[in-house]
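Written out below as structure tokens is the structure these notes cover.
We did not get these values from a lab; they are worked out from the coordinates using the rules stated. These numbers come from a predicted model, not from an experiment. Positions of Cβ are backbone-derived with ideal geometry, glycine not excepted, and every protein chain shown enters the neighbour counts.
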Amino acid sequence: MLETTIVLDAASAEKGVDEIMLGAALGLRKLKRPIDLHLVVYDDSDTQSPAGNELASAASAVGASVTFHTASDRLPDSIESPVKAYRSYANNPINIAFQLYKKTGGAIISPGNTGLVMTCALFELGRIPGISRPPIATPWPTRRKSMFILDSGANVDVRPVHLHQFAHIGRVYMSRVFKRENPRIGLLSNGSEDYKGSQLVKEAHKLLSEDSAINFVGHVEGQSLLDGNVDVLLCDGFLGNILLKFAEGLASTFGTLLKEEITRNPFTAMAAWLFFRGSMARFKRRFDYSEWGGAPLLGVKGNVVICHGRSEAKAIMNSILWASRMVDEDVSRNIEAEVRRANVLAENGPEPTQ
């Protein structure tokens with residue numbers, strides 16, 4: 001097992017530094033082993049609050065070290081150009097966290113602006129040789145086991161070779177972190193037949209079908225997304241992001257409508273509460289992003305986890321747990337070895353950073 005170092009961007013969280021420190025405390029107690037934890041905060045943040053004391057107590061209990069680092073540049077509420085923000089606010093917390101990570105290694109977690117986190121990862125860490133479009137891998141609940149969508153928002157426009165690369169990246173991630181040997185990989189399409197799909201999907205299907213190194217099972221239609229028959233679902237980031245936000249909205253709307261119907265009558269409300277309370281709690285957990293904490297950005301030279309900006313303590317705790325598993329399994333290096341072995345380079349080589 002590798003020595004675990006985690007850099008945590010605490011300043012970018014919408015819930016505030018205290019919420020992140022509470023999550024870090026929960027994460028340390030759950031891990032039950034010493035790690036080096038580095039938190040980036042604003043230079044006026046009070047780390048001696050009750051939450052800070054809880055973090056110090058948790059660190060002492062497991063023999064972990066906690067170090068605080070400060071950022072002085074506050075980012076604007078709206079970031080239209082991540083590259084411009086990266087260059088104009090050199091001392092913003094996301095930049096500071098990545099510069100620190102380059103020195104410490106391990107894993108980095110940030111609930112900051114997704115575009116800026118990706119930009120910092122590309123500029124500060126760089127892509128794994130052979131990977132031209134690092135994807136975000138996000139869990140999707142199904143009737144059986146969780147499936148991961150690649151890409152869920154990092155790359156709006158992709159080429160067939162990029163989806164081929166995503167397949168190899170997903171294969172390594174699922175086999176190393178989740179111990180699913182020979183994971184089943186599917187391609188999102190509008191029909192199960194080989195000839196269905198856009199030109200992108202058709203060409204990607206051909207590449208994937210001809211690659212014996214991956215367990216490609218063909219097209220996956222919309223009505224099959226919850227079946228749990230595949231471990232990795234491939235699509236461009238445009239569709240992947242729409243899918244995820246639709247699922248979040250559907251789960252929220254379903255819960256609201258169900259609650260409205262149940263509470264129309266006080267007698268049915270009590271009966272439903274007694275009958276459904278355990279089942280509904282389990283259902284909610286399956287659709288709760290905080291159970292996973294964050295989504296890894298795969299294909300860069302490092303272990304990067306991107307969290308929701310509104311992440312609460314539980315989400316940060318789980319992000320730390322997943323990040324530590326990525327370090328233990330040396331995910332980034334194993335993806336690099338897989339890509340080198342599979343030789344899935346883009347037609348013209350890796351694309352330059354803009």
Practice problem: List every residue pair whose Cβ atoms sit under 6 Å apart, with the two residues 6 or more apart in sequence or on different chains, where the first one lies in region 176-198 and is touching a residue at least 60 places away in the same chain (Cβ under 8 Å) and the second, anywhere, is surrounded by 13 or more Cβ atoms within 10 Å (Cβ to Cβ) and not polar (S, T, N, Q). | Solution: Arg176/Glu329; Arg176/Val331; Val177/Arg325; Val177/Glu329
Practice problem: Determine the pairs where a residue that is within 15 Å of Phe178 (Cα to Cα), located within region 135-148, has a partner that is surrounded by fewer than 18 Cβ atoms within 10 Å (Cβ to Cβ) and basic (Lys, Arg) with Cβ atoms under 8 Å apart, the partner being 6 or more residues away or on another chain. | Solution: Pro141/Arg286
Quiz item: Hey, among the residues in region 68-93 that are among the β-branched types (Val, Ile, Thr) and either buried (at least 19 other Cβ atoms within 10 Å of the Cβ) or under 24 Å from the mean Cα position of the chain (by Cα) (or both), which one's farthest from Lys301 (Cα to Cα)?
Solution: Ile79
Exercise. Can you confirm whether region 182-204 contains a residue that is among the acidic types (Asp, Glu) and within 28 Å of Leu250 (Cβ to Cβ)?
Key: yes
Quiz item: For region 211-260, which residues satisfy the criterion of being outside any helix (DSSP H, G or I), crowded, with 17+ Cβ neighbours inside 10 Å and of a type in the set (A, V, I, L, M, F, W, C)?
Solution: Ile214, Phe216, Val220, Leu225, Val230, Val232, Leu233, Leu234, Cys235
Self-check item: Checklist (1) surrounded by 21 or more Cβ atoms within 10 Å (Cβ to Cβ); (2) of a type outside the set (A, V, I, L, M, F, W, C); (3) over 18 Å from Tyr101 (Cα atoms) applied to His38, failing item
Solution: (3)
Exercise. Restrict the check to region 30-42 and report whether at least one residue is more than 27 Å from Glu124 (Cα to Cα), under 24 Å from the mean Cα position of the chain (by Cα) and not in a loop (DSSP other than H, G, I, E, B).
Key: yes
Quiz item: crowded, with 22+ Cβ neighbours inside 10 Å and part of a strand (DSSP E or B): does that describe Phe166?
Solution: no
Practice problem: Take the residues in region 94-150 that are of a type in the set (Gly, Ala, Ser) and out of contact with any Ser or Thr (no Cβ under 9 Å at 6 or more places or on another chain), then tell me which one is surrounded by the most Cβ atoms within 10 Å (Cβ to Cβ). | Solution: Ala121
